[in-house]
Amino acid sequence: MGKIMKSGKVVLVLRGRYAGRKAVVVKTYDEGSTERAYPHALIAGVNKYPKQITTRMGKKKQESRNKLKPFLKVVSYSHLLPTRYTLDVTFEKANINKEALKEPGKKRRASLEAKAKFEERYKTGKNRWFFTKLRF
Amino acid sequence: MAPKAEAPAAVFPKKQKKNAENINSRLTMVMKSGKYVLGYKETLKNLRNGKAQLVLIAKNTPPIRRSESEYYAMLAKTGVHHYNGNNIELGTACGKLFRVGTLAITDPGDSDIIRSMPAETA
């Protein structure tokens, strides 16, 4: 009897271009909004996962393979599958919000921030499940 | 729950029938006095917003849908009852003329289904 969708929850995207990708819920809009009359959430996810690195690779090669490409999207709850995992990454509310997604300049800045935060977390080696591609 | 086939046959069929009657009568009570939602989409919606208190799944729902509903219920800390009957029987038990594969009880009303059922089932 608890609410499932909360910010910080890891979620699988079920529909759309990003189907099959893992994402974190940044902000939930349970009651919908004027533009979207259904419950939805702003999610930040991984579009292109970081590649595998091995010990044999040189440092430069490892660094280039540690990069990932994020995405930000406002998605309906019915197109998400919540998981039991959470990813506690704090995003700057000023940069990453729904309005930012409407203007190209702001959107770019928001994705850069998401990229930086995700890569930082990936390098620490935590939340490994989040950064691995879901095979299906 | 342990598979029922292990107990002596003489005792068993009686107990199973009693259980089935139990859940059916409790369901009719809920239909009369409580609040419920029928159908896969609505149950997921109510699981997401935390309103569902018990989820019933018919026996012949496809395994993916079944495990998805169970997973959502696990996340929402909601009980799941695997109804011993297919969707036609579950629909009849709800007093409806259509099939019901999944249903969620949001408010039990006068029924004690929430209290008694999770104790008996997995």
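Before moving on, here are some points about what is shown:
- When the range B:36-45 is filtered for residues that are within 12 Å of another protein chain (Cβ to nearest Cβ) and within 15 Å of the chain's Cα centre (by Cα), the ones remaining, listed by number, are B:Tyr40, B:Glu42, B:Leu44.
- Scanning the range B:48-69 for residues that are in contact (Cβ under 8 Å) with a residue 24 or more places away in the chain and of a type in the set (Lys, Arg) yields B:Arg48, B:Lys51, B:Lys59, B:Arg65.
- Filtered residues of the range B:92-116 (kept if more than 13 Å from B:Ile23 (Cβ to Cβ), away from chain A (no Cβ under 14 Å) and either touching a residue at least 12 places away in the same chain (Cβ under 8 Å) or under 10 Å from the mean Cα position of the chain (by Cα) (or both)): B:Gly95, B:Lys96, B:Arg99, B:Val100, B:Gly101, B:Thr102, B:Gly109, B:Asp110
- Just so you know, in the range B:52-91 the residues that are in a helix (DSSP H, G or I) and among the hydrophobic types (A, V, I, L, M, F, W, C) include one that is farthest from the other protein chains (Cβ to nearest Cβ), and it is B:Ile88.
- Residue selected from the range A:60-80 under the condition within 14 Å of chain B (Cβ to nearest Cβ) and outside any strand (DSSP E or B), by the criterion surrounded by the most Cβ atoms within 10 Å (Cβ to Cβ): A:Tyr77
- Positions within the range A:22-59 being crowded, with 21+ Cβ neighbours inside 10 Å, under 22 Å from A:Glu120 (Cα atoms) and in contact with a Phe, Trp or Tyr (Cβ under 9 Å, 6 or more places away or on another chain), in sequence order: A:Lys22, A:Ala23, A:Val24, A:Val26, A:Leu42, A:Ile43, A:Ala44, A:Gly45, A:Val46
- Filter result for B:Gly79 (at pLDDT below 95 and of a type in the set (Gly, Ala, Ser)): yes
- Residue in the range A:11-21 that is touching a Gly at 6+ places or on another chain (Cβ under 7 Å), farther than 29 Å from B:Val55 by Cα and free of Cβ contacts under 8 Å to residues at least 60 places away in the same chain present: yes
- Just one residue in the set A:Ala23, A:Ala41 is within 21 Å of A:Arg109 (Cα to Cα) and within 11 Å of chain B (Cβ to nearest Cβ); that residue is A:Ala41.
- Checked against (1) surrounded by fewer than 18 Cβ atoms within 10 Å (Cβ to Cβ); (2) within 14 Å of another protein chain (Cβ to nearest Cβ); (3) not in a loop (DSSP other than H, G, I, E, B), B:Lys32 passes all but condition (2).
- Failed condition for A:Ala19, given (1) among the aliphatic types (A, V, I, L, M); (2) more than 16 Å from the chain's Cα centre (by Cα); (3) surrounded by fewer than 14 Cβ atoms within 10 Å (Cβ to Cβ): (2)
- If only residues of the range B:100-122 that are at pLDDT 90 or above and buried (at least 17 other Cβ atoms within 10 Å of the Cβ) are counted, the one that is farthest from B:Arg65 (Cα to Cα) is B:Thr106.
- Given (1) out of contact with any strand residue (DSSP E or B) (no Cβ under 8 Å at 6 or more places or on another chain); (2) under 27 Å from B:Asp110 (Cβ atoms); (3) at pLDDT below 95, number of the condition B:Lys51 does not satisfy: (1)
The values are calculated or read from the model by the stated rules, or taken from the named source; none is laboratory data. Please read these numbers as outputs of a predicted model, since none were measured by experiment. Virtual Cβ from ideal backbone geometry, glycine too; neighbours counted across all protein chains shown.
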